[in-house]
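K.L.:
Sharing a structure, written as structure tokens. Questions coming.
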């Protein structure tokens, strides 16, 4: 099992090790665009034809690439090359407030199938299972359906990634401070193995160990890929609890214990109410979505129509200047801005990307953040950093997880050997 920033895959050695960066360029192109000739690979990667000829020969010898059987030129120059593992797929799961989602996608990220399982909320009684148990049950059902689909389609599974809203810490990793699973540690992968009988057998055949990752970290990776030249980024969203992740120097900022940028549990309110994590005054106690919805008078609406629909209604009411909704949101935005005032100097991102429903109300967050900025240098720091809305919407975490899985695979070319 791997956590963000960790790997336990075999290391490529021998002739391919010295050409790892060039191999990654070639494999990335083939994964993204499909079969290509040596000439096309040279043009796409910027490598010389001689370098491409030698590199592709080594990749073919290692079983990573496969030449087409038909060669129009007769000397190999026009023979399309493809990945030996081109038929492999990525399985990605995600817990949301209303549902568990599992997808099957090609290595390129193209989605082949999606399964959604509602998080049932039965009438409370002594026999009803805890909310965390219901969430894990739904996640296991969605995962089982995705695994079965891949097996029926005879697509070998290269990677399984499980995305959660909470922080991921420890080895083996556990999930903590998760709005759907609770504040206490939960062995999500262990629970899924118990609930998904076929997972253990599939794990033995995976090219990579199962990855457990915060959804915000995957979303940050996806949003950064949309921003060429940006290597330092802070990502925030407020749809499933409060999620945050940072990228520094192009790499995820994880921290010694996997707890870097736990934005929801910054104690921003002095003497505030007790948070379920044990601290007082956490940002989650004043800006978590369920708090904002309740104060806006939308908790009953959420119970009847779903969490996502309630957030859409909140945004609509704020836009329509509904007094209660606007008061609830502006109070939350004030504390989000204050939390940013604490985190931005520590992380120093070039850009803050805001996802979820917060992205539709970005102006209020920006105003709250810039209300207390340094004035030194004639106010040179006032506009730093840029705060912008995410580009990928609710799909950001799934897109990012697939991208990260692909990067892990092509970083070790021998994993893709047939």
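A short reminder: the numbers here are calculations on the coordinates, not readings from a lab. Please read all numbers here as calculations on a predicted model, not as lab measurements. Note that each Cβ is placed from the backbone with ideal geometry, even for glycine, and that neighbours are counted across all protein chains shown.
K.L.:
Which length gain, in nm to one decimal place, applies between residue 131 and residue 39 when the Cα-Cα distance is subtracted from 0.36 nm times their residue separation?
P.N.:
Fully extending the segment from residue 131 to residue 39 adds 27.5 nm.
K.L.:
Using the per-residue mean of other Cβ atoms lying within 10 Å as a proxy for protection, in what order, highest first, do the peptides 159-170, 140-151 fall?
P.N.:
Result, highest mean Cβ count within 10 Å first: 159-170, 140-151.
K.L.:
Provide the FRET efficiency to the nearest 0.05 for the residue 386-residue 257 pair, computing r from the beta carbons and using R0 = 41 Å.
P.N.:
It comes out at approximately 0.85.
K.L.:
Right, next: At a Förster radius of 45 Å, what calculated FRET efficiency corresponds to the Cβ-Cβ distance of residue 411 and residue 373, to the nearest 0.05?
P.N.:
For residue 411 and residue 373, the calculated efficiency is 0.70.
K.L.:
Could you point to the label whose value was computed as Rg and Dmax of the Cα atoms in Å for the structure here, given (i) 21.2, 65; (ii) 28.3, 81; (iii) 23.3, 78?
P.N.:
Given (i) 21.2, 65; (ii) 28.3, 81; (iii) 23.3, 78, the calculated one carries the label (iii).
K.L.:
Next question, about the same structure. Among 311-320, 130-139, 212-221, how do they line up from the highest to the lowest mean number of other beta-carbon atoms within 10 Å?
P.N.:
212-221, 130-139, 311-320
K.L.:
Once you place label points 7 Å from the Cα toward the Cβ at residue 341 and residue 113, how far apart are they in nm?
P.N.:
About 5.2 nm, to one decimal.
K.L.:
Using helices alone, what [θ] at 222 nm do you get for the chain, with -39,500 (n - 2.57) per DSSP H run of 4 or more residues, divided over all residues and rounded to the nearest 500?
P.N.:
Result for the chain: -12000 deg cm²/dmol, rounded to the nearest 500.
K.L.:
Stokes-Einstein diffusion coefficient for the stretch 245-302 at 20 °C in a medium of 1.002 mPa s, Rh from the Kirkwood formula over Cα pairs: what value in µm²/s?
P.N.:
Answer, rounded: 164 µm²/s.
K.L.:
Another one. Given the C-alpha centroids of the stretch 324-344 and the stretch 214-278, what is the distance between them in whole angstrom?
P.N.:
A separation of 16 Å, based on Cα centres.
K.L.:
Going highest first, how would you order 368-376, 347-355, 387-395 by mean Cβ packing within 10 Å?
P.N.:
347-355, 387-395, 368-376
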